[in-house]
Structure formats: C-alpha cells, structure tokens
Amino acid sequence: MEPTELFREAVLWDPAEGGHVHCRLCNFHCRIAEGKLGHCHVRKNIGGKLCSLNYGTLCAANADPIEKKPLYHFQPGSRSFSIAAVGCNFRCEFCQNWQISQAALESGRIDGETASPEQIVKAAVKTGCKSIAYTYTEPTIFMEFCNDCARPARLKGLTNVFVSNGYMTRDAIDFAGDWLDAINVDLKAFSDEYYKRLCGSRLQPVLDSIAYIAKNTAIWIEITTLLLPGQNDSEEELKRLADWLVTEAGPDVPWHISRFYPQYKYTDSAPTPLESMQRAERIGKTAGLHYVYLGNVAGTDSENTRCYNCGRTLIERTGYRIAANHIKDSKCPQCGTQIAGVGL
Ligand code: SF4
C-alpha cells in the first residue's frame, strides 16, 4: 500500500535491511518490518516507508491558559491553542490522559477530527492565543503535524510549545529546534527502575534530552515531577533529582511538583499527602533551584512566583489565573534581580 493523504510519510527514519525501517524520532529506535507498527502504534512501515498514521487527526483542541501546561515563566497570562493526536510511546500506569494517549494501543483506533495546519493556525489566532501547544499526549509522535503547524504559526507571530516526556532523540530536538520556543518535560522520577516498571521506558534518555535542551538550544524549558506516594518521593531520590537539575539544567529551571490522584491502572493509592509535596518543595529550594512550584494543590502560596533574592511576590496565581504580575522588564521591582523566562 502506498502512503495516502492521511498516512503521511514520517520524518527522521532510514531504510533498514530486509524491508525494515529504523525510526529515529524517539529513543525506542524501533526497527519496523513491512506492514508492522512501531512501539507507539501510530507509525507504520507501509511499503518500505515509515508513515505517520495520526497526521491531522486531532483528539483534542482547546484554548488553554499557558499556566495549565504548566509553563509559568513563558508568556505568563497568555492562552495557548492546545492540540493532541492519539498515541504515546510510554505506558505510564498512572497516565492522566490515558483515554487518548493509550487509545491506539488499547483499541487499535486512531479517532479524532480531521484538521489542516492552516485551520489550527487560524483557530489559534481567532481565539486570541499567543502560542500553539502540542500537548495532552506525546507531541514527539505527531511531529510531522507539529512541524506543519509550527512553521506558519511563527509567520503569524505565534510561538510553539511542547509538553513532553522527553524521550525524543537528539535528532528530533534539532528538527524541532527551528520552531520550538518552549517545552515542559516530565522528569517522572530519578530511578531507572521506576521508569521501567511504571512507564515502560528508561530514565537516561530523558536526562539526556533535558541536559541537551538546557545547554545547547534556545528552547525555554520547565520540568514537572508527579509525586507518587512511596514510589518516587523519598528524601534521598528527590535530593538527587534536584541536585541533578541544578547542575545540568541550571538553578533557573522552574520545577513543578505535581500532586498525584488515582488514575488509569494506578488506583490503589491515596493522593500525594500535602506534607510530601511541601517536603519536595523544601528539597528543591535547598538544592538551589530558584523557582519551585506545587501543582494540583489548592490554598497554598506555592503557585506564586517569588524573587529568589529578596522574597518579593512577583506573579500571584489562583489556579491557572494570573491575579497580578509585578515583574518589570524581566526584573524584580524591589531588588532588580533578573527573573528568568520569556515574555515576563
Ligand atoms: S516514535 Fe514510535 S515508531 Fe518511532 S521510535 Fe518512537 S515508538 Fe518507535
């Protein structure tokens, strides 16, 4: 079968022996036989060519606050036109969006509304968004559609953001580097055993992506860690994670610690206790991170941005809403300290 309009030829692949193809988009590096699917179930070898099966089939499209991604230091207070296609390369047992991320695996179906890149860019402009977010599922595995939206989006003055598990290859980061302005990467734990057991993946490629993006690209990066009680929240593990972030991504990288609620296959656990969240916050700050936030927790002031030098509250948040932004020219109005970010 030849690739059709809906089955677009994929980017970043090579022909391999015996009619196989080698996908270079993510660190699974699948070698796929003729007629077979990759590990993500949305890329297929069709007639010796690697094709994307989810191109232009969107399972979600919403104008969200950028704070929901979460990105707290990138165009704060703006809205981001947020889209997703079915599929993921991870198998996280606690996935919050499993109905769409695991749909291709669980049901073999790639459902959604057909949309063109032009329609997405138009919708983003019409809804007053400043950016397009490729999110909810893993954007790496619909990279072709991201690329085709992002380039015209730039011409309209929009920025482009990913919310990602960080499993993309260096090739994929370089490919997106032409148009990707910001990314939130999940650093789910600081243990390879956790990644293998609960996510069906490995830790090191995620660390490599974070370090590469932070050191070698102009992409603004923030990190999110979902705290699973008894699984990734020990003092020792969180200290190692926070120390690694300071060294490899720098003290200005915002760290979002997110509260877990039972989901998908992981339902035999209580939500993360508030004390664990606050302990993780203290560990992050003690390690030297300038900006540590608690997510999915109401009624604390740990969603506000403070100046790490003088303590002045700079951005006041209520959930995803910005109540006040006191930053002036990217600086603290009280002590003049530079506040890291984009469009602050
Ligand atoms: S993007 Fe899909 S096909 Fe490609 S290496 Fe990753 S899991 Fe395999």
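Read-outs throughout are calculated quantities, based only on the coordinates presented, and are distinct from any laboratory measurement. Since this is a predicted model, take the numbers as computed values, not measurements. Because the Cβ atoms are built from the backbone with ideal geometry, glycine has one as well, and the counts that use them run over all protein chains shown.
The separation of segment 298-344 from segment 135-173, counted between C-alpha centres, amounts to 28 Å. Diffusion coefficient of segment 152-234 by Stokes-Einstein, Kirkwood radius over Cα pairs, 4 °C, 1.567 mPa s: 95 µm²/s. Karplus-based coupling profile of segment 86-95, in residue order and whole Hz: 4, x, 7, 8, 9, 10, 5, 5, 10, 3, with θ = phi - 60° in 6.51 cos²θ - 1.76 cosθ + 1.60 and x standing for Gly or Pro.
One compactness figure for segment 1-116 is 1.20, namely its Cα radius of gyration divided by 2.2 N^0.38 Å. In this structure, the amide hydrogen of R317, modeled 1.01 Å from its nitrogen in the peptide plane, lies closer than 5 angstrom to those of N304, T305, A323, counting only residues at least 5 positions away or on a different chain.
Using only Cα atoms, what is the ratio of the radius of gyration of the chain to 2.2 N^0.38 Å?
Numbers: Rg = 19.9 Å, N = 344, 2.2 N^0.38 = 20.2 Å.
Rounded to two decimals, the normalised Rg is 0.98.
Beyond 19 Å in Cα-Cα separation lie the following of the pairs K126/K156; K239/K285; K49/K196; K44/K69; K122/K156; K239/K331: K49/K196; K44/K69; K239/K331.
Exposed loop GluC sites (Glu not before Pro) only (DSSP loop, at most 14 other Cβ atoms within 10 Å): please give the longest stretch of the chain free of them, not including the sites.
Working: sites that count: E5, E34.
By the stated rule (loop sites, at most 14 other Cβ atoms within 10 Å), 35-344.
Phi angles across segment 284-292 convert, under the Karplus curve 6.51 cos²θ - 1.76 cosθ + 1.60 with θ = phi - 60°, into 3J(HN,Hα) values of x, 5, 5, 5, x, 5, 7, 9, 10 Hz, Gly and Pro given as x.
Quickly rank 184-192, 202-210 as a protection proxy: mean count of other C-beta atoms within 10 Å, highest first.
The densest-packed peptide leads the list: 184-192, 202-210.
Residues whose amide H falls under 5 Å from that of I132, counting only those 5 or more places apart or on a different chain, are F81, T159, N160, V161, with hydrogens built in the peptide plane.
Taking the convex hull of the alpha carbon positions in segment 63-139 and averaging its projected area over all directions gives 5.6 nm². Remark: segment 12-23, residue by residue, has Karplus-estimated 3J(HN,Hα) of 6, 9, 10, x, 10, 4, x, x, 6, 10, 10, 8 Hz, where x stands for each Gly or Pro and the curve is 6.51 cos²θ - 1.76 cosθ + 1.60 at θ = phi - 60°. Backbone amide hydrogens, once placed in the peptide plane, bring R24 within less than 5 Å of W13, D14, excluding anything fewer than 5 places away on its chain.
Taking the Kirkwood radius as Rh and the Cα radius of gyration as Rg, segment 85-236 has a ratio of Rg/Rh equal to 0.98.
Working from the pairwise distances between different alpha carbons, so that the mean of 1/r is found and then inverted, what is segment 206-344's Kirkwood radius in Å?
Numbers: mean 1/r = 0.0625 Å⁻¹.
With all distinct Cα pairs of segment 206-344 included, I get 16.0 Å.
A simple spin-label model places pseudo-atoms 7 Å from Cα toward Cβ; at E118 and R321 they are separated by 3.9 nm.
For segment 245-302, taking the reciprocal of the average inverse distance between every pair of different Cα atoms yields a Kirkwood hydrodynamic radius of 12.4 Å.
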